[in-house]
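Asker: To start, I am sharing the structure in question, which I have written as structure tokens.
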Amino acid sequence: MAYVGLGLPESKVADLLAEVARVLIPGGLIEILEMDLSVLRERPAVPPITPPHSISSFSNQQDEDPLLVIDECFETVLQARHINPRLLRELPDALASKFDDVLFSGTLHIDMPASPPRNSTIPSATLPSIDVSPYRPFDLRKRRLSQSSTMSRVFLAAYAERMAGCSEMLASEGAKKRRDHSRKVGPSATAPWLDNLRLERELPERLEAWCDDLKERAGLARLLEDRLDWSCVVDQEMEGSLETMLPVFDVRLAEYATLECAEEELDDHIEFRKAQVVVAKRDAEASLKAVRRRLGRDDERDFGFQSSLGSMEFASFIGTAR
């Protein structure tokens, strides 16, 4: 059983283990691989005065930490669903109450890479050899694995994909909490419906950009190309498609510019279509730049090599059914 803690309320952990113990025959084994939740993102060099996980603060510290909203969204979801983000501290006692001979692998800390890999500069990683006879907890070989930059990039890429899958839910919960907070604080200078509309648009974009940033830092496509001499056909085809689309947008915008010169004022329908083309061109340019970076065909952006994304903590447990 692996990574179910973040989808399970803390009050249900004991019920889940009781059900596992019920269906196992005496002497049967249950192995649990679990991780604590870490919100992987760049942290400011000087932490804000207000604790980053304080919901009451909300955006008071946005100037010092513009990504504080990421923490807020996670904290809101965890509180609303009564999920314990530090389950590794609770599992040993919970398992001991239902199983015998509980074994613990120890906690593995894996530091996450803060920048993409450089071509041919990462030493080849050696995967840990695991002796499965006799059966024992998944031996993660702490020192060797934690020093493997390849493994840390694989974990970071998987983390980014998992978070991208739930980004809409995180944004929705975060927006709801902020709306409730704004009602308590009082009306703003702008219309409430305008604030809510901006919030509903900006939060998903912020979370999507955060996930894309993590994927770029993991650099999994470049790593595979460098290590295995594989080429990412999807990115290559996407690059060609985007390069073909950009001139089409330029032609359409030139047509709208001609209409503006011929007419004093464009009707609402044409203005709306023009705005759509402008947004589509901007998104295509951003996507093309990201694809070229993944393919190593664009200038590297500054990822802040002095910064750290944090680390992940894993552990494995084994219990014997009574």
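Asker: Scan the stretch 107-115 and give yes if some residue there is at pLDDT below 85, touching an Asp or Glu at 6+ places or on another chain (Cβ under 9 Å) and within 22 Å of ALA209 (Cβ to Cβ), otherwise no.
Answerer: Yes.
Asker: If I ask for residues that are part of a loop (DSSP other than H, G, I, E, B) and at pLDDT below 85, which ones from the stretch 144-177 would you list?
Answerer: Result: GLN147, SER148.
Asker: Among LEU228, LEU242, LEU253, LEU223, which is the only one that is out of contact with any His (no Cβ under 8 Å at 6 or more places or on another chain) and within 12 Å of ARG294 (Cα to Cα)?
Answerer: Result: LEU223 is the single residue among LEU228, LEU242, LEU253, LEU223 that is out of contact with any His (no Cβ under 8 Å at 6 or more places or on another chain) and within 12 Å of ARG294 (Cα to Cα).
Asker: Filtering the stretch 178-191 down to residues that are open to solvent by 90 Å² or more (accessible area, probe 1.4 Å) and not aliphatic (A, V, I, L, M), which residue is modelled with the lowest pLDDT?
Answerer: Ranking the qualifying residues of the stretch 178-191, first place goes to PRO187.
Asker: Among the candidates ARG118, ARG89, ARG136, ARG141, which residue alone is at pLDDT below 90 and open to solvent by less than 80 Å² (accessible area, probe 1.4 Å)?
Answerer: Result: ARG141 is the single residue among ARG118, ARG89, ARG136, ARG141 that is at pLDDT below 90 and open to solvent by less than 80 Å² (accessible area, probe 1.4 Å).
Asker: So, in the stretch 267-296, how many residues would count as being of a type in the set (Asp, Glu) and either open to solvent by less than 50 Å² (accessible area, probe 1.4 Å) or modelled with pLDDT of 85 or more (or both)?
Answerer: Of the residues in the stretch 267-296, 2 are of a type in the set (Asp, Glu) and either open to solvent by less than 50 Å² (accessible area, probe 1.4 Å) or modelled with pLDDT of 85 or more (or both).
Asker: Restricting to the stretch 200-243, count the residues that are small (Gly, Ala, Ser), buried (at least 19 other Cβ atoms within 10 Å of the Cβ) and modelled with pLDDT of 85 or more.
Answerer: Selection size over the stretch 200-243: 1.
The values are calculated or read from the model by the stated rules, or taken from the named source; none is laboratory data. Keep in mind that what you see is a predicted model, and the values were worked out from it rather than measured. Ideal geometry is used to build each Cβ from the backbone, glycine not excepted, and the neighbour counts take in all protein chains shown. Remember, those area values only see protein heavy atoms, side chains included, never the ligands or the DNA or RNA. Shrake-Rupley method; radii C 1.70, N 1.55, O 1.52, S 1.80 Å.
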